[in-house]
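Structure first, then comments.
Only the coordinates and a few stated rules stand behind these numbers; no lab work does. Keep in mind the model is a prediction, meaning the values are calculated, not measured. No Cβ is skipped: glycine too gets one built from the backbone with ideal geometry, and neighbour counts run over all protein chains shown.
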Amino acid sequence: MATDAPELTYNSKIEGELFVTKADAAINWLRNNSMWPMPMGLACCAIELMAAASSRYDIARFGAEVMRFSPRQADCMIVAGTVTYKMAPIVRRIYDQMAAPKWVIAMGACASSGGMYRSYATLQGVDRIVPVDVYVSGCPPRPEALLDALLKLQDKVKKERSLSKLLSA
Amino acid sequence: MTTDVEITTAVSSQFPSAAPRASADCPAFNVPATEAIAVLQWLRDRQGYDFLMDVTAVDWSAEQSPRFTVVWHLYSGTKHTYVRVAANCASDTEPSMPTASGLWAGADWHERETYDLLGIKFTGHPDLRRILMWDGYPYHPLRKEFPLAGLPTEISDPEIAAELKEGVISAPMAGGPFVATPGEPMSEAEPRAKDEAWNEHNEKPE
Ligand code: SF4
């Protein structure tokens with residue numbers, strides 16, 4: 001009988017409340033709230049990226065304050081600035097070095113489309129070399145716009161089927 | 001800006017081969033390429049032009065000969081005046097000029113830039129590599145025949161190029177060059193395509 005061995009049953013007085021969730025939701029919740037950025041600050045937009053990290057805008061409120069200059073420790077590359085063709089292979093290499101899962105925010109007109117630099121030296125949009133999740137318009141975008149992009153990315157990550165991706169990887 | 005009025009006669013008496021050059025601002029001289037460094041050194045050591053402001057070059061386009069002119073701008077820290085020296089490159093296809101990096105260490109990067117963008121070889125330069133475009137880039141972008149949009153070529157890193165399977169493209173020039181117009185209001189003056197009659201989807205009207 002079950003009462004003869006009470007230690008084998010779940011005792012909520014000792015063990016606390018129980019939560020039931022989906023693996024996807026749990027994994028995404030973990031990923032969402034500590035999205036460590038890889039700051040790819042290549043031009044003027046990087047100044048706004050810095051402002052977004054500083055006390056007035058405080059990107060830490062959304063769990064993305066740990067700017068990692070090592071791609072191995074970063075989840076989300078924020079391409080903030082003009083990507084020249086000379087820099088493009090380096091951006092791609094850093095992206096390749098980031099551990100999956102990884103996301104990319106193209107911050108500003110230059111990163112999204114080449115911006116006003118329709119010239120021989122400028123990559124016409126960073127989506128030509130890395131897959132971009134969120135584009136931010138503006139030249140430069142205000143820090144609020146970057147925070148909005150981060151929230152958009154978090155919404156996107158929330159809907160990902162993380163478990164099946166992990167199992168099939 | 002003050003002008004050094006005596007410099008014109010001083011240069012022409014010291015270097016008979018130097019000729020005055022049309023100029024809207026400071027005194028300017030045309031000198032033969034072979035004498036350029038001697039003139040620069042004399043200006044630096046005897047005339048107090050101790051600071052090299054700029055080294056650049058002009059491409060007068062492929063139809064012109066001489067095609068390339070190298071231009072130096074000097075400033076005198078004691079007289080507070082400028083002077084401009086220009087010399088034509090002897091060859092139109094393989095332009096070269098003696099380096100001024102022995103006189104001013106700062107000439108080093110200016111000359112690398114001039115080499116990178118206009119393809120002028122500075123003989124005697126200690127390290128004449130490209131400075132803005134990557135090593136191995138096949139063109140000199142400030143030459144007149146080079147289009148603003150650029151020409152297709154490979155990305156510099158072969159490993160990444162193989163991974164991406166695409167290279168440098170000509171930038172889409174839809175609507176013509178993307179430029180600012182001076183004046184007001186801001187909404188009109190800001191950089192934009194000036195000719196909206198054509199874009200990526202509609203051909204440019206002839
Ligand atoms: S989008 Fe504007 S602010 Fe941002 S890097 Fe380009 S030119 Fe600078």
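Rounded, prolate or oblate: which fits region B:7-132 when a ≥ b ≥ c are the square roots of the eigenvalues of the alpha-carbon gyration tensor, with rounded for a/c under 1.5 and prolate only if a/b beats b/c? Provide the component values of the computation, followed by the final result.
Details: a/c = 1.82, a/b = 1.30, b/c = 1.40.
Oblate is the answer for region B:7-132, as a/c is 1.5 or above yet b/c matches or exceeds a/b.
Efficiency by 1/(1 + (r/R0)^6): what FRET value for A:Arg93 and A:Lys156, r their Cβ-Cβ distance, R0 = 25 Å, to the nearest 0.05?
0.50
Roughly how far apart, in whole Å, are the Cα centres of region B:45-78 and region B:127-196?
Region B:45-78 and region B:127-196 have Cα centres separated by 26 Å.
For region B:37-92, state which chymotrypsin sites (Phe, Trp or Tyr not before Pro) are in a DSSP loop and have at most 15 other beta carbons lying within 10 Å of their beta carbon. Before the final figure, lay out each step's value.
Numbers: sites: B:Trp42, B:Tyr49, B:Phe51, B:Trp60, B:Phe68, B:Trp72, B:Tyr75, B:Tyr82; in loops: B:Tyr49, B:Trp60.
Passing sites in region B:37-92 are B:Trp60.
Take chain B, connect every pair of alpha-carbon atoms lying under 10 Å apart with a spring to form a Gaussian network, then pick out the residue of B:Met173, B:Met133, B:Met97 with the largest mean-square fluctuation.
Among B:Met173, B:Met133, B:Met97, the largest GNM mean-square fluctuation belongs to B:Met173.
Of B:Ser61, A:Ser55, B:Ser91, how do they rank once you tally other Cβ atoms within 10 Å and put the fewest first? Numbers along the way, then the final one.
Details: B:Ser61 10, A:Ser55 7, B:Ser91 14.
The order, fewest Cβ neighbours first, is A:Ser55, B:Ser61, B:Ser91.
Can you compute the radius of gyration and Dmax for region A:35-159, using only the Cα atoms, both in Å?
When restricted to the Cα atoms of region A:35-159, Rg and Dmax are 13.2, 40 Å.
Rounded, prolate or oblate: which fits region B:122-203 when a ≥ b ≥ c are the square roots of the eigenvalues of the alpha-carbon gyration tensor, with rounded for a/c under 1.5 and prolate only if a/b beats b/c?
oblate
For chain B, calculate the relative contact order in percent as a whole number, restricting contacts to Cα pairs under 8 Å that are 6 or more residues apart.
Working: 350 pairs, mean separation 25.9, N = 206.
Once normalised by length, the contact order is 13 percent.
Would you calculate, for the protein assembly as shown, the mean residue ellipticity at 222 nm contributed by helices, counting each DSSP H stretch of 4 or more residues as -39,500 (n - 2.57) and dividing by all residues, to the nearest 500? Spell out each step's value before the answer.
Values: 12 runs with 104 residues, N = 375.
Roughly -7500 deg cm²/dmol at 222 nm, from the helical runs in the protein assembly as shown.
Filter the chymotrypsin sites (Phe, Trp or Tyr not before Pro) in region A:51-139 down to the DSSP loop ones having no more than 14 other Cβ atoms within 10 Å, then list what survives.
A:Phe69
Roughly speaking, what is the centre-to-centre gap between region B:1-31 and region A:123-169 when only Cα atoms are used, to the nearest Å?
60 Å
Each residue of region A:24-38 in turn: what ³J(HN,Hα) in whole Hz from Karplus with 6.51, -1.76, 1.60 and θ = phi - 60°, glycine and Pro shown as x?
Using θ = phi - 60°, the values come out as 4, 5, 5, 5, 5, 5, 5, 5, 4, 8, 9, 8, 7, x, 9 Hz.
Among the aspartates and glutamates, select those whose C-alpha is under 17 Å from the C-alpha of A:Lys102, and discard any that sit fewer than 8 residues away in the same chain.
Cα-Cα hits under 17 Å: A:Asp24, A:Glu65, A:Asp75, A:Asp127, A:Asp133, A:Asp155, A:Glu160.
Taking amide H positions as placed in the peptide plane 1.01 Å from N, state which residues far from B:Lys121 in sequence (5 or more) or on other chains have amide H under 5 Å from it.
B:Ser96, B:Met97
Where q = 0.09, 0.10, 0.11, 0.12 Å⁻¹, what log10 of I(q)/I(0) comes from the Debye formula for the protein assembly as shown, counting one point per Cα?
Values returned for q = 0.09, 0.10, 0.11, 0.12 Å⁻¹ are -0.74, -0.85, -0.96, -1.05.
Comparing A:Ser119, A:Ser34, A:Ser54, which has the greatest mean-square fluctuation in the GNM of chain A with Cα pairs linked when under 10 Å apart?
Looking only at A:Ser119, A:Ser34, A:Ser54, the biggest GNM fluctuation is shown by A:Ser119.
With springs connecting C-alpha atoms under 10 Å apart, model chain A as a Gaussian network and identify which of A:Ala88, A:Ala64, A:Ala74 has the largest mean-square fluctuation.
Maximum among the listed residues: A:Ala88.
Average the reciprocal distances over every distinct pair of alpha-carbons in region B:5-66, invert the result, and give the Kirkwood radius in Å. Each step should come with its number before you reach the end.
Numbers: mean 1/r = 0.0768 Å⁻¹.
Answer for region B:5-66: a Kirkwood hydrodynamic radius of 13.0 Å.
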